[in-house]
Amino acid sequence: MITRRTAFGLPLAAYLSLPAFADAEAPPIALVMNSGEASVSVIDMNSKQVINTLPTLREPSHWVLTPDRSQIYICDASGNALFFFDPHTATPLGHMRIADPYQLAYTPDGKYLVVNADRLNHVDVYDGATLKLVKRFAPGKLPSHLDFSPDSRWSFNSMQGSDTLVSFDLETMTTRWTVRVGDTPAGVLWLHGKLLVCIMGANGIVEVDPLTGAINRRQKTGEGAHNIFLSSETNTLYVSNRVGSTLSALDPVTLEVRRNYSIPGGPDDIAIAPDGKIWIARRFAESVAVMDPVTGEFESIPVGRSPHGIYLSTCLRKKGKLTAQML
């Protein structure tokens, strides 16, 4: 059995070959990363009750599925570790040392795993199959969120402490451009051939040309616009305005705000269930809101301190690209 105590003794190859006890018929679960208390809450999506609390080291934040969907990796930035779980059951599969993983994502082709090291101010590119470090960039302060071009060649990373968006060429392993986009940029999303970036200090999003870094337009959403998500099924963009405690629903083409939902407690990351309900990590309320987007009403599920990232196992039923921002 792989445990928290024994996992550090495994060679790297052992992590990558750990079996995922996949069970497509397992009851649907939600995983909530509690950054303030070194734990992951496991919620039964049917009963909306916490059924398990999994320990990490210090500060779990975000997640990514492996390209074959056999494992989910959860970052523990200040713990300098990646934790591995079965994405259907939340069975722990071990963890490994990695430098300051705050946010991470696989390139669409699965070739690389790109990690933003927020505390250490660098962006690391790992081989997607072996998790060996390929390249380290030092592009600015507080690397935060990221996304890629659909062909996997370019990466786009926000630097919260430098007020910039940086693009890397992952074929040549060079920096393409750096552009100042506004005060405290965070969430990044490639959409319709453009980049959308949340600007927390400007209370909205900015559209950026991925070729040149030129800013095309800006759109206000709410105070402390933090992260951005696309619901492909409802053709809606969602922006979590963490300071203002609202969730904005936008037209993905015009960027017009269609509706603002009141979500007290600092909405952060979100996920969308098959029934259309939106699961929202409430960063300052130690809870998850499960909201009906038609009525705007929600029920609350208590979790740990500072809930950050959120994952729903029901996403595994979908075909195509699965990320924390493409819902």
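The values are calculated or read from the model by the stated rules, or taken from the named source; none is laboratory data. Just so it is clear, the model here is predicted, and its values are computed rather than measured. Quick reminder, even Gly has a Cβ in these numbers, built from the backbone with ideal geometry, and neighbours come from all protein chains shown.
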Going by the structure shown, is D183 among the acidic types (D, E), surrounded by fewer than 23 Cβ atoms within 10 Å (Cβ to Cβ) and in a loop (DSSP other than H, G, I, E, B)? yes
Which pairs do you get when a residue that is more than 19 Å from S313 (Cα to Cα), found in the range 272-300, comes within reach of a residue that is polar (S, T, N, Q) and in a loop (DSSP other than H, G, I, E, B), reach meaning Cβ atoms under 6 angstrom, with the pair 6+ apart or on two chains? R283/S306
Would it be correct to say that P139 is out of contact with any Gly (no Cβ under 6 Å at 6 or more places or on another chain), under 17 Å from C75 (Cα atoms) and assigned to a loop (DSSP other than H, G, I, E, B)? no
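Restricting attention to the range 121-133, which residues are at negative phi, surrounded by 17 or more Cβ atoms within 10 Å (Cβ to Cβ) and not aromatic (F, W, Y)?
H122, V123, D124, V125, G128, listed by residue number.
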So, W190, is that one under 22 Å from R242 (Cα atoms) and of a type in the set (F, W, Y) or not? yes
Suppose the filter is within 27 Å of D118 (Cα to Cα), at pLDDT below 95 and more than 23 Å from the chain's Cα centre (by Cα); does L16 pass it? no
Confirm whether P293 is more than 23 Å from I51 (Cβ to Cβ), in contact with a His (Cβ under 9 Å, 6 or more places away or on another chain) and not polar (S, T, N, Q). no
Being surrounded by fewer than 17 Cβ atoms within 10 Å (Cβ to Cβ) and closer than 30 Å to R317 by Cα narrows N235, N157, N216, N227 down to just N235
Being within 30 Å of E223 (Cβ to Cβ), at pLDDT 95 or above and assigned to a loop (DSSP other than H, G, I, E, B): is that true of P150 here? no
Based on this model, can you work out whether Q103 counts as under 23 Å from V188 (Cα atoms) and in contact (Cβ under 8 Å) with a residue 12 or more places away in the chain? yes
Are there any strands (runs of 3 or more DSSP E) wholly within the range 273-327 with 3 or more residues that are surrounded by fewer than 22 Cβ atoms within 10 Å (Cβ to Cβ) and over 19 Å from the mean Cα position of the chain (by Cα), and if so which? 298-302
Would you confirm whether any residue within the range 237-245 is modelled with pLDDT under 95 and either over 24 Å from N157 (Cβ atoms) or in a strand (DSSP E or B) (or both)? no
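Listed here are the residues, each with its yes/no results for (1) within 28 Å of L57 (Cβ to Cβ); (2) buried (at least 21 other Cβ atoms within 10 Å of the Cβ).
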position	(1), (2)
N116	yes, yes
P139	yes, no
G161	yes, no
F168	no, yes
